[in-house]
Amino acid sequence: MGKRLIYGALLLALLVAPFVGYPMFLMKVLCFALFACAFNLLIGFTGLLSFGHAMFFGFAAYVSGHAAKVWGLTPELAVLAGTLSAACIGLFTGWLAVRRQGIYFAMVTLALAQMIYFICVQSPFTYAEDGIQSIPRGKLFGLFDMSNDTTMYYLVLAIFVGAFALIYRVVHSPFGQVLKSIRENEQRALSLGYNVDHYKLLAFVLSATLAGLAGATKAIAFGLATLTDVGWQMSGEVVLMTLLGGMGTLIGPAVGAAVIIAMQNYLASLGSWVTIIMGCTFVVCVLVFRRGIVGEIEHRLGGKD
């Protein structure tokens with residue numbers, strides 16, 4: 001009951017946030033919070049470390065931007081197109097990757113992500129280093145003009161809340177319990193008769209789909225899709241966000257994303273020092289908050305998601 005009150009308070013704060021904060025900054029936080037939560041579904045609840053999740057985030061951004069700018073699709077259809085593209089890539093890459101475990105799984109995802117990056121560099125529709133710029137927001141369902149930042153913020157918020165509710169339901173479902181058992185002891189789950197590879201593939205595809213949803217939404221909200229979104233550095237950032245906030249917690253990755261994005265935004269004037277500060281923050285977190293910010297708080301309070 002206490003957790004639900006906290007989630008309700010956070011939702012209320014997000015509803016009034018654009019009236020006291022900068023909507024563009026808040027939208028960026030929500031997009032990366034969704035990305036981190038999607039990644040956490042894989043590493044935090046299934047125990048699979050992916051070093052290539054940016055391929056879903058970035059490729060979906062490209063497809064969504066192309067669909068809106070060139071095909072003239074409305075924002076909801078453009079986001080759907082990007083999300084479906086990420087799901088398809090997730091199905092293929094997951095089918096290959098789940099055949100391996102541990103560091104081998106991570107290396108396979110990294111290799112496949114670099115292949116997607118190379119495709120994005122070479123494909124004409126991505127415009128290489130220039131990226132897809134001036135992506136129109138259009139009208140939601142052909143009725144609601146998304147050009148206003150506050151209106152767009154509430155669309156991004158609705159997408160984040162819906163995706164987070166889905167993750168919450170998955171984690172607390174029988175399917176989610178099986179994923180946790182695989183994380184804790186894969187051999188025991190296998191001995192109990194569960195098709196472990198099947199469950200891991202489903203978790204991988206779901207995580208990839210939600211990561212694609214985050215990337216597609218970001219492209220429409222900011223009118224831009226670039227190689228940065230699909231690069232290996234982005235895969236590293238989402239790992240940092242998840243570990244900083246609290247791997248294996250529901251709201252932790254979102255908190256970690258908010259911290260990282262805030263540092264990048266408000267410390268931008270320091271130039272390359274931002275990366276050093278982020279690294280030092282991560283080191284302090286590892287030494288002081290071994291379970292991440294939210295994970296450590298939950299441990300001290302004795303609570304669970």
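The values are calculated or read from the model by the stated rules, or taken from the named source; none is laboratory data. Fair warning: this is a prediction, and the values are worked out from it, not measured in the lab. Every residue, glycine as well, gets a Cβ built from its backbone with ideal geometry; the counts of neighbours run over all protein chains shown. Quick note on the areas: whole protein, heavy atoms, side chains included, nothing else; ligands and nucleic acids left out. Shrake-Rupley method; radii C 1.70, N 1.55, O 1.52, S 1.80 Å.
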| field | Partner aspartates and glutamates for Lys28 [C-alpha distance under 19 Å; skip if fewer than 8 residues away on the same chain] | value | Glu76, Asp149, Asp229, Glu237
| said: Leaving out ligands and nucleic acids, and using a 1.4 Å probe, what accessible area per residue does the chain come to in Å²? | reply: 47 Å²
| field | Rounded Å value of the spacing that divides the Cα centres of region 173-196 and region 249-304 | value | 30 Å
| So how exposed is Cys88, as accessible area in Å² (1.4 Å probe, rounded to 10)? | 90 Å²
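Given a Förster radius of 22 Å and the C-beta distance between Cys88 and Ser134 as r, what FRET efficiency does 1/(1 + (r/R0)^6) yield to the nearest 0.05?
0.25
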| So what does the Cα-only Debye profile of region 1-52 read at q = 0.22, 0.26, 0.31 Å⁻¹, as log10 I(q)/I(0), no solvent term? | -0.90, -0.97, -1.06
| said: Could you compute Rg(Cα) / (2.2 N^0.38 Å) for region 121-227, with N its residue count? | reply: 1.47
| task | Check each of the chymotrypsin sites (Phe, Trp or Tyr not before Pro) in region 1-71 and keep only those in coil by DSSP with at most 15 other C-beta atoms within 10 angstrom; list them in order. | result | Trp71
| said: Binning at 5 angstrom from zero up to the longest distance, how are the C-alpha pair distances of region 186-250 distributed in percent? | reply: 3, 13, 14, 21, 18, 13, 8, 5, 3, 1
| note | In the list (1) 55, 41, 37; (2) 51, 41, 40; (3) 52, 47, 39, the entry giving Cα extents along the principal axes in Å computed from the coordinates is (2)
| message | Rolling a 1.4 angstrom probe over the protein chains, ignoring ligands and nucleic acids, what is the accessible area of Ser147 in square angstrom, nearest 10? | response | 80 Å²
| request: Express the carbon and sulfur contribution to the solvent-accessible surface of region 1-73 as a percent, rounded to the nearest whole number, probe 1.4 angstrom. | output: 76 percent
| said: For Met247, what accessible surface area do you get with a 1.4 Å probe? Give it in Å², rounded to 10. | reply: 90 Å²
| field | P(r) of region 166-297 over all Cα-Cα pairs, binned every 5 Å from zero, in whole percent | value | 2, 9, 14, 19, 18, 16, 12, 6, 3, 1, 0, 0
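R0 = 45 Å: FRET efficiency of Met115 with Leu5, Cβ-based, nearest 0.05? Numbers along the way, then the final one.
Values: r = 45 Å, r/R0 = 1.01.
E(calc), rounded to 0.05, equals 0.50.
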| field | Around Met27: net Lys/Arg minus Asp/Glu count, Cβ-Cβ under 13 Å | value | +2
